[in-house]
Amino acid sequence: MATPLADRLLAGDPRAIARAISLIENEDPQAATLVGRIHPHTGRAYLIGVTGPPGAGKSTLVDRLIAEYRKTGQKVGVLCVDPTSPYSGGAILGDRVRMQAHAEDDGVFIRSMATRGHLGGLARTTAEAAIVLDAAGYEVVIVETVGVGQDEVDIVRTADISIVTVVPGTGDEVQALKAGIMEIADIFVVNKADREGADRTAASVETMLSMAEWPAGAWRPPVLRAVATTGAGVPELVAAIGKFRAESGDALGARRRARAEWRLREILGRRFMQHLEKDVLAAGEFEAILTKIAGRETDPYGAAADIMGRAVGAEKTPGVISAGAAEITPGVFSIDHVGVAVRDAAPFIETFRRLFDLHTGEPEDVGPHRVRFIETGDSTIELVEAAAPDSPIAKFLETKGQALHHVCLRVPDIDAALDKLKAQGVKLIDQQPRRGAHGSRIAFIHPASANGLLIELKQP
């Protein structure tokens, strides 16, 4: 019998690790179950983020960091985030090429990940991949971002420490360091420090740091110099990482909690969008909404409010009511009430009170009918009596007797719902909404377009 993937992963099997990360990258349904299985075994690895602009020597620096940590016997996992290949959709494996010296080391696992269009310097699933390496027993996990700009700072939401690498001779160093990148660094490394201008670059960083206020006892990012190609300055960087880890131990829990919050929000946002596209919006509807926004037929806030109303009010996956030549696909609507035609509401009211302790609202005259609502929770039962001998309910009772008369669906925007139905060729009793009970707006779909069922739409 084959050993489960999670067990092989926890045992440190490199093939299982690679398979698990592939499942996560491809957002395979098995990935969520896998992460749930291994998550209790995580939290031991220290995540080091290495970021900076393109050409700063991040990969060479990471290669040297691997060597330093391996000298102490620690297992090192590396996630290199590369640009997406325009041909295969995978990572362009430039970073792994630079780290081939560790390819035969069983204590090192290196994986390239494609951004797949995700902004922020990381792949969407980098955090989960780091969890896999943590669970597999790697004590140090280094995450190298794709070359980043001023606002691509997702690394701070993934790593326990963020190292920003800069390089002299790139022009306006202060411009490259302002805003987001400047604020996320726990350690600055001026790489290629043997080049002319290294001292000026380090001074520029120090000047920027001096402009900020540092509370007493707070960590002030040091500015280190290194030459990654020779390894100069790398032991000092490892020492600085160790010092930060020791001094920020009390804050580590809060940092990881903030990271968990960001990740949970990101997953919820992604899952919600998947739910909208799969269960709420009809095929092609999202693109149609975008076209309307671009054509100034609607605005983004209004469109979002409409979609949210449909999603939050959803109780079921939207179905399609066959209607002969037409189909009614008004989106996700919830049942507001079921209307029952009765000659006298009093016996029904007493029955529901006696058997189920359900109470009834006050009677209300709506046109030629008198209605009473039996409150059952989110939905209600509407008892409809004829208030005039020639009313539709009177005619219904004459031919069919006391029975189900109609089903009422609650809609967030009845005008939009009717427009959509008209466009589909659905026959309507009401071309425009009219007043219903409790000040609502209602309209009826003709039974000919709903297999003989009378459907009411109601906007509270």
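The values are calculated or read from the model by the stated rules, or taken from the named source; none is laboratory data. These figures come from a predicted structure and were not determined experimentally. We place every Cβ from the backbone using ideal geometry, glycine too, and count neighbours over all the protein chains shown. The accessibility values were calculated without ligands, DNA or RNA, using every heavy atom of the protein model including side chains. Shrake-Rupley method; radii C 1.70, N 1.55, O 1.52, S 1.80 Å.
Below is a table of values for the structure above.
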{"item": "Every pair of residues 6+ apart whose Cβ atoms lie under 8 Å, when the first sits in the stretch 52-71 and is within 12 Å of V164 (Cα to Cα) while the second is open to solvent by 40 Å² or more (accessible area, probe 1.4 Å) and of a type in the set (G, A, S)", "result": "P53/A176"}
{"item": "Some residue of the stretch 219-229 being modelled with pLDDT of 85 or more, charged (D, E, K, R) and part of a loop (DSSP other than H, G, I, E, B)", "result": "yes"}
{"item": "Residue count, the stretch 166-198 (criterion: modelled with pLDDT of 65 or more and part of a loop (DSSP other than H, G, I, E, B))", "result": "12"}
{"item": "Residue check for T201: part of a helix (DSSP H, G or I), modelled with pLDDT of 85 or more, polar (S, T, N, Q) and in contact with a Pro (Cβ under 9 Å, 6 or more places away or on another chain)", "result": "yes"}
{"item": "Qualifying positions in the stretch 314-348 - among the β-branched types (V, I, T), surrounded by fewer than 18 Cβ atoms within 10 Å (Cβ to Cβ) and either modelled with pLDDT of 75 or more or in contact with a Phe, Trp or Tyr (Cβ under 7 Å, 6 or more places away or on another chain) (or both)", "result": "I335, V338, V340"}
{"item": "Sole residue being under 30 Å from S162 (Cβ atoms), over 16 Å from the mean Cα position of the chain (by Cα) and among the charged types (D, E, K, R), chosen from R257, R296, R265", "result": "R257"}
{"item": "Of all residues making up the stretch 255-291, the number that are open to solvent by 70 Å² or more (accessible area, probe 1.4 Å), assigned to a helix (DSSP H, G or I) and either β-branched (V, I, T) or out of contact with any helix residue (DSSP H, G or I) (no Cβ under 7 Å at 6 or more places or on another chain) (or both)", "result": "13"}
{"item": "Unmet requirement for P363, which otherwise passes all of (1) touching a residue at least 12 places away in the same chain (Cβ under 8 Å); (2) over 17 Å from V340 (Cα atoms); (3) of a type outside the set (D, E, K, R)", "result": "(2)"}
{"item": "Any hit, the stretch 390-403, residues being closer than 19 Å to R310 by Cα and either open to solvent by 60 Å² or more (accessible area, probe 1.4 Å) or free of Cβ contacts under 8 Å to residues at least 12 places away in the same chain (or both)", "result": "no"}
{"item": "All positions within the stretch 186-225 that are surrounded by 17 or more Cβ atoms within 10 Å (Cβ to Cβ) and of a type in the set (S, T, Y)", "result": "T201, S204"}
{"item": "Some residue of the stretch 411-433 being charged (D, E, K, R) and in a strand (DSSP E or B)", "result": "no"}
{"item": "Test: residue in the stretch 368-376 that is touching a residue at least 60 places away in the same chain (Cβ under 8 Å) and either part of a loop (DSSP other than H, G, I, E, B) or over 30 Å from I307 (Cβ atoms) (or both)", "result": "yes"}
